[in-house]
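Some notes on the structure that comes next.
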There are 2 protein chains.
Amino acid sequence: MGYGEIDQLAINTIRTLAVDATFKANSGHPGAPMGMAPVAHILFNKFMTFNPKNPDYINRDRFVLSNGHGCMLQYALLHLFGYDLPLDQLKHFRQVDSITPGHPESHDTPGVEVTTGPLGQGFSNAVGLAVAQAKSAAEFNKPGFNLFTNYTYMFFGDGCAMEGIASEAASTAGHLQLGNLIAVYDDNHISIDGDTKCAFTEDVLKRFEAYGWHTQWVKEGDTDLDGIEAALKKAREVTDKPSVIKLTTTIGFGSKLQGTGGVHGNPLKEDDCKQVKQKFGFDPEKTFVVPQQVYDAYHQTAAKGAAAEQEWNQLFDKYGQQHKAEHADLKRRLSGLLPEGWQKALPTYKPTDKAVASRKLSESVLEAIHSVVPELISGSADLTGSNNTRWKDAVDFQPPNLGIGDYSGRYMRYGVREHAMAGMMNGISAYGTLIPAGGTFLNFVSYAAGSVRLSSLSHQRVIYIATHDSIGLGEDGPTHQPIETLAHFRALPNMMVWRPADGNETSAAYYVALTSKSTPSIFALTRQNLPQLEGSTIEHAIKGGYVALEDKDADLTLVSTGSEVSLCLESVKVLKDNHNIKTRVVSLPCVEVFDSQSKDYRLSVIPDGIPTMSVEVMSTLGWEKYSHEQFGLNRFGASGPYKDVYKKFEFTPEGIAKRGLATVNFYKDVKPLRSPVNRAFTNLI
Amino acid sequence: MGYGEIDQLAINTIRTLAVDATFKANSGHPGAPMGMAPVAHILFNKFMTFNPKNPDYINRDRFVLSNGHGCMLQYALLHLFGYDLPLDQLKHFRQVDSITPGHPESHDTPGVEVTTGPLGQGFSNAVGLAVAQAKSAAEFNKPGFNLFTNYTYMFFGDGCAMEGIASEAASTAGHLQLGNLIAVYDDNHISIDGDTKCAFTEDVLKRFEAYGWHTQWVKEGDTDLDGIEAALKKAREVTDKPSVIKLTTTIGFGSKLQGTGGVHGNPLKEDDCKQVKQKFGFDPEKTFVVPQQVYDAYHQTAAKGAAAEQEWNQLFDKYGQQHKAEHADLKRRLSGLLPEGWQKALPTYKPTDKAVASRKLSESVLEAIHSVVPELISGSADLTGSNNTRWKDAVDFQPPNLGIGDYSGRYMRYGVREHAMAGMMNGISAYGTLIPAGGTFLNFVSYAAGSVRLSSLSHQRVIYIATHDSIGLGEDGPTHQPIETLAHFRALPNMMVWRPADGNETSAAYYVALTSKSTPSIFALTRQNLPQLEGSTIEHAIKGGYVALEDKDADLTLVSTGSEVSLCLESVKVLKDNHNIKTRVVSLPCVEVFDSQSKDYRLSVIPDGIPTMSVEVMSTLGWEKYSHEQFGLNRFGASGPYKDVYKKFEFTPEGIAKRGLATVNFYKDVKPLRSPVNRAFTNLI
Ligand SMILES: [Ca+2]
Ligand SMILES: [Ca+2]
């Protein structure tokens, strides 16, 4: 309490920086930063603990700007507090090769926790960060050692409030009673279409109450600094519920167009820029002005944060004396490295082992590795028994008072909320102490596409356990049978899509996914049983593709994935017996990983001189990159027992052989017949 | 009121049919049908008007089973009422080539209004159906002629209630005050993971109240038939709000496992099947038994519906005498055909016309055709000014009491709710009198992927106006720049993805989209200006691909779409001047439509003998189908003015020429060099 001139000056500095940066870029959103500068000033200076010199300090308070279009607010704060974001970067807001892109990107900009902008994402990330905090606290805190005490603060606007993912995440946070999560809802009555009256007239606070949140309303968000502080204080005191503060603000506060859509997504006009500065006591002719007193005040806050980290480091050292194993474990986790030798726990299989569905093989991996990879936290969007995501003795992550788990639990019950699950997993991963894996049907990973994309863009080590991966799921029918899904996610940069053919390939998928610190993975897993293949080993499969059956005199290469690899192997005999065609078979469980191998290796797998045909029981789109001809399913599937469905679409040894024969004949006259691995040039990546 | 033995018999017939069908299929969900049989019996017999002999009767009450996994409930009802769904189909539940697939599919099964099963979809479809009803009533009803009076009834379960899309749709329905929408929430405390306590503890009714819904709770949903009827009656009386009835039921009512997860997704065991039948007074040894009294009672309801339709037809005839134009218009709309000659209104362009962004060209089409295509209803997910989806004199579809539109309005303010927008558009299209178009950024069509997929699967004529289609959006940066999106939707069966290069191609996209009665479309449109091309005409572009610049002696074909076509045309001179390479250019605005042309035509566009290189500023995945080499962007974009971003990634005439040269050199030695149009075999479609 007791706000004075310096506070107002700081608030207005943030506002004018946002005005100047968007004006200079001739692009961007000044309105939200101008409206939310007061709450940001109070939150960062009076409540948050962080060290700009070490943005990775693990017990820092997390801040998430879910309305990421207002990122000039965040960039201004980061600059003022002394993060490695010089004023020059604000001057290059939204320019190529700056670290101040149009929306905050965590891998680009120090101090940005998660990548936001796509609306609702930050909201779900914040819930994930809060889960990770509660889990880390339950796991590592000991009497006298409160290592994990941080809060997660999140701002969101009307846009986020309307997005389904935020609704899902809010319901989940309420259920989980995440008292460490505090959200500020920027109630400014404006979205891009103008007054929210045109589409959004619900009672937001009542809705959050229904979810089990603690709710407050600060009606004068532009000016009532004491009220804002009191509400934040109260929110911190409520420890058994997440808190939301509805903060009624004026978008573009200070602009001639304040309170209108005119300041939402467009820079202020030049005369308005001057007018704002004049109004706030700034020189209207100068740009990017930061009064030294503001730097001083903000650096003082930063210094407190640095001191807090130092204190924490000392505490952590002492912790190491009394809790040696936990200390070592946490230290290792913070390095991003897995425990030495963990991979020895991965199951391996012989061809004589029985046929098992890859969803069950995945379960076996989880069962085998969960005790040696303690940072792994699994879960499912209400398909636990179908996704096989839960090891037997798993404890659910639940508020203890429900009596069905506790906050040390490593199994998340996400509910039927695929999109929030994915967004939360991004947040859990971003926290720094956990690796999340979450299950749903492959077809419903599409529900989560918005967050899956951000797993990739923001380099999160997240695993999507996507079962029921094809028409092989059978009876549930076309509504549940993926056709386009693998093409979708193979086209997504920095995403590994794995479709293992057997047990060793499933173990390989886990190996690569868990050791890839900045790349997420999707595991497409079968409902139906798959035999253990002759040529498959973990060592082979971690290359993304390998020769499952070699024949030096082959007339044809079949490349395939998952459940179709064994079908291809069966077709070899048919091709030989019926058509006298010698065939080699390639398993390509992960094209992204295969692409990263040397050209020599790739050519040894998909060689020159003979045609290659791909076999995968879904869209052929993209398979032209690895094959001359493609056998796939470019239509929706059918409801029925899976063997009948496979037969209907001719995914049988005979159906493959028929097309293999056509392929061989078709390419007989082409010289030289190059492997599709050969390209005229390489695309930028 | 006054329920007796026959009612109980009918209810138990539905239950035992569900038990028998799932048992025979050894697959499916008996629990929901057994729990919801009472409310379904009452709703269909006491409240709903429909004619099984004409499932298309336009003023029928609509029924949507959002928890589509309970489809045996719906199939049993359709059979009992006399829809063209013989008992034999129930016996072939979930079998290949039956019309009783694992989840209800509207294009397969008479009486199924929309395709459901993916959770939350039916909820949003129902909101769309209710919008279409309100709009049709406002447009066509006249004093003495209440042509459109139907209600939309929808069942949903816990799964739907947790899905974000349902939250979005519920908020929208509350805002729109859709009094014609009545939902029944099957509160059975069970989802796949078991007790909903593990993930879903919010106060659902309070949440719906917050959205502005009228709420009721019937606590004894298994037995309190009078209470169910009273609640439905009350819900119909509330005409200024959508209604939800929380109906507490016992999942799998009658089974030994009733009330547990054991009856959710698995058939009953054989002894339990017998036990249920015994309990309900059925012969435990017989299967698929329908007592004649039940048929009789249900056929009586059906007869009432047929009579209602006859009455309606007479009313409609009379309407034709007094409201000739409206009568003709409605009749035409119901045929699915557009007005004679409407296409003359489509704008055409000459190469000398100025450069315009394709999002603006799309706006010009809407401006030009909206008065001749009255069934077109546009909208946006809160990006109206960016998507350019609103014609100037459009009236918003709004509840009249807000003072910002009325129910005759043709412009939807969907809010920031992309997924619900798409699901609602599916419902609006399914109603039968309207063609919905809705806008968002292309990148955020991914948020709606679940519904977009169902637009395709269920053959809805829906248009997605997807602007800001590439890195060409510039400053908003990688979070908003699509890379994988077109590959995703090109891999989706029965979806036309259009990326027009100029004005004539934009008009062509609208022409094909609007005249394709059972295929949805996505229009990928630029933020930046595009020149009007020399070779482009509507006639050319409606073929999906055509030669934009011919050269009979060409060494190279460039195939491209959208904003890159004019770049390719610019590169022709560079290729000639710097490398002495003669180049022809192909514009391929819609590969799906191009694929449907004759092989001769496709070979005339992408010929044998010379190499083809594709140019599109996003994932190359899939372009191998139309080209030998691909120039694209297989990484995330960058934030900056768009010309800088294009330059960064070498999407310039020089960058194209460099790769064109490499392509020509690379293929010099290959004989014969076949067009990628040539395939060894054709995939099943
Ligand atoms: Ca707002
Ligand atoms: Ca349920």
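The values are calculated or read from the model by the stated rules, or taken from the named source; none is laboratory data. Fair warning: this is a prediction, and the values are worked out from it, not measured in the lab. Every residue, glycine among them, receives a Cβ derived from its backbone with ideal geometry; neighbour counts consider all protein chains shown.
Table for the structure above
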{"item": "Filter pass, B:GLU650 being at pLDDT 95 or above and at positive phi", "result": "yes"}
{"item": "Count - residues of region A:638-656 that are assigned to a helix (DSSP H, G or I) and at the interface with another protein chain (Cβ under 7 Å from one of its Cβ atoms)", "result": "3"}
{"item": "Any hit, region A:199-221, residues being more than 14 Å from every other protein chain (Cβ to nearest Cβ), buried (at least 24 other Cβ atoms within 10 Å of the Cβ) and outside any strand (DSSP E or B)", "result": "yes"}
{"item": "Flag for A:LEU366 being more than 14 Å from chain B (Cβ to nearest Cβ) and hydrophobic (A, V, I, L, M, F, W, C)", "result": "yes"}
{"item": "Within region A:178-196, considering residues that are in contact with a Phe, Trp or Tyr (Cβ under 6 Å, 6 or more places away or on another chain) and β-branched (Val, Ile, Thr), the one nearest to ligand 1 (Cβ to nearest atom)", "result": "A:VAL184"}
{"item": "B:TYR185, sole failed condition from (1) aromatic (Phe, Trp, Tyr); (2) part of a helix (DSSP H, G or I); (3) within 16 Å of ligand 2 (Cβ to nearest atom)", "result": "(2)"}
{"item": "Condition check for B:GLY265: within 16 Å of ligand 2 (Cβ to nearest atom) and either within 14 Å of chain A (Cβ to nearest Cβ) or under 20 Å from B:LEU73 (Cβ atoms) (or both)", "result": "yes"}
{"item": "Looking only at region A:326-358, and only at residues there that are of a type in the set (S, T, N, Q) and touching a residue at least 40 places away in the same chain (Cβ under 8 Å), the one that is surrounded by the fewest Cβ atoms within 10 Å (Cβ to Cβ)", "result": "A:THR352"}
{"item": "Any chance B:TYR57 is crowded, with 24+ Cβ neighbours inside 10 Å and more than 20 Å from the chain's Cα centre (by Cα)", "result": "no"}
{"item": "Some residue of region A:576-583 being surrounded by 23 or more Cβ atoms within 10 Å (Cβ to Cβ), closer than 14 Å to A:SER675 by Cα and not small (Gly, Ala, Ser)", "result": "no"}
{"item": "Test: residue in region B:515-535 that is over 21 Å from B:LYS344 (Cα atoms) and without any contact (Cβ under 8 Å) to a residue 12 or more places away in the chain", "result": "no"}
{"item": "Candidates B:ALA169, B:ALA230, filtered to the one that is in a helix (DSSP H, G or I), within 25 Å of A:GLY159 (Cα to Cα) and either away from ligand 2 (no atom under 16 Å from the Cβ) or touching a strand residue (DSSP E or B) at 6+ places or on another chain (Cβ under 7 Å) (or both)", "result": "B:ALA169"}
{"item": "Region A:662-673: number of residues that are assigned to a loop (DSSP other than H, G, I, E, B) and within 7 Å of chain B (Cβ to nearest Cβ)", "result": "3"}
{"item": "When residues of region B:119-131 are limited to those that are within 13 Å of another protein chain (Cβ to nearest Cβ) and within 12 Å of the chain's Cα centre (by Cα), the one surrounded by the most Cβ atoms within 10 Å (Cβ to Cβ)", "result": "B:SER124"}
{"item": "Close pairs from region A:18-32: first farther than 8 Å from A:PHE93 by Cα and within 13 Å of chain B (Cβ to nearest Cβ), partner assigned to a loop (DSSP other than H, G, I, E, B) and within 15 Å of ligand 1 (Cβ to nearest atom), Cβ under 6 Å, at least 6 apart", "result": "A:HIS29/A:GLY265"}
{"item": "Listing of strands (runs of 3 or more DSSP E) fully contained in region A:359-477 that carry 3 or more residues being crowded, with 24+ Cβ neighbours inside 10 Å", "result": "A:376-380, A:435-441, A:463-467"}
{"item": "Subset of region B:533-544 (residues that are touching a strand residue (DSSP E or B) at 6+ places or on another chain (Cβ under 8 Å), crowded, with 21+ Cβ neighbours inside 10 Å and part of a loop (DSSP other than H, G, I, E, B))", "result": "B:LEU533, B:SER536"}
{"item": "Residue in region A:132-155 that is within 16 Å of ligand 1 (Cβ to nearest atom), surrounded by 24 or more Cβ atoms within 10 Å (Cβ to Cβ), part of a strand (DSSP E or B) and not polar (S, T, N, Q) present", "result": "yes"}
{"item": "Residue tally, condition within 7 Å of another protein chain (Cβ to nearest Cβ), assigned to a loop (DSSP other than H, G, I, E, B) and surrounded by 24 or more Cβ atoms within 10 Å (Cβ to Cβ), over region A:188-198", "result": "1"}
{"item": "Unique residue being modelled with pLDDT of 95 or more, at the interface with chain A (Cβ under 7 Å from one of its Cβ atoms) and either touching a Gly at 6+ places or on another chain (Cβ under 9 Å) or under 27 Å from B:MET495 (Cβ atoms) (or both) when the list is B:ARG635, B:ARG659", "result": "B:ARG635"}
{"item": "Residue list for region A:227-250, filter: of a type in the set (Lys, Arg) and within 14 Å of A:ALA173 (Cα to Cα)", "result": "A:LYS241"}
{"item": "Yes/no for B:GLY281 being among the small types (Gly, Ala, Ser) and either more than 14 Å from chain A (Cβ to nearest Cβ) or away from ligand 2 (no atom under 16 Å from the Cβ) (or both)", "result": "yes"}
{"item": "Positions within region B:188-217 being within 16 Å of ligand 2 (Cβ to nearest atom), at pLDDT 95 or above and of a type in the set (A, V, I, L, M, F, W, C), in sequence order", "result": "B:CYS198, B:ALA199, B:PHE200, B:VAL204, B:LEU205, B:TRP217"}
{"item": "Single match in A:GLY259, A:GLY265 (criterion: in the same structural domain as A:LYS197 (by TED's automatic domain parsing), surrounded by 15 or more Cβ atoms within 10 Å (Cβ to Cβ) and on the phi > 0 side of the Ramachandran plot)", "result": "A:GLY259"}
{"item": "Residue check for A:THR557: among the β-branched types (Val, Ile, Thr), under 17 Å from A:VAL615 (Cα atoms), in contact with a Lys or Arg (Cβ under 7 Å, 6 or more places away or on another chain) and not assigned by TED's automatic domain parsing to the domain that holds A:PRO101", "result": "yes"}
{"item": "Filter pass, B:VAL547 being surrounded by fewer than 20 Cβ atoms within 10 Å (Cβ to Cβ) and part of a strand (DSSP E or B)", "result": "yes"}
{"item": "Search result, residues across region B:91-102 that are surrounded by fewer than 24 Cβ atoms within 10 Å (Cβ to Cβ) and either over 21 Å from A:PHE636 (Cα atoms) or facing chain A (nearest Cβ under 7 Å) (or both)", "result": "B:LYS91, B:GLN95, B:VAL96"}
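Residue by residue, here is whether (1) over 32 Å from the mean Cα position of the chain (by Cα); (2) outside any helix (DSSP H, G or I) holds:
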residue	(1), (2)
B:PHE282	yes, yes
B:LYS286	yes, yes
B:VAL290	yes, yes
B:VAL294	yes, no
B:TYR298	no, no
B:THR301	no, no
B:GLY305	no, no
B:GLN310	no, no
B:GLN321	yes, no
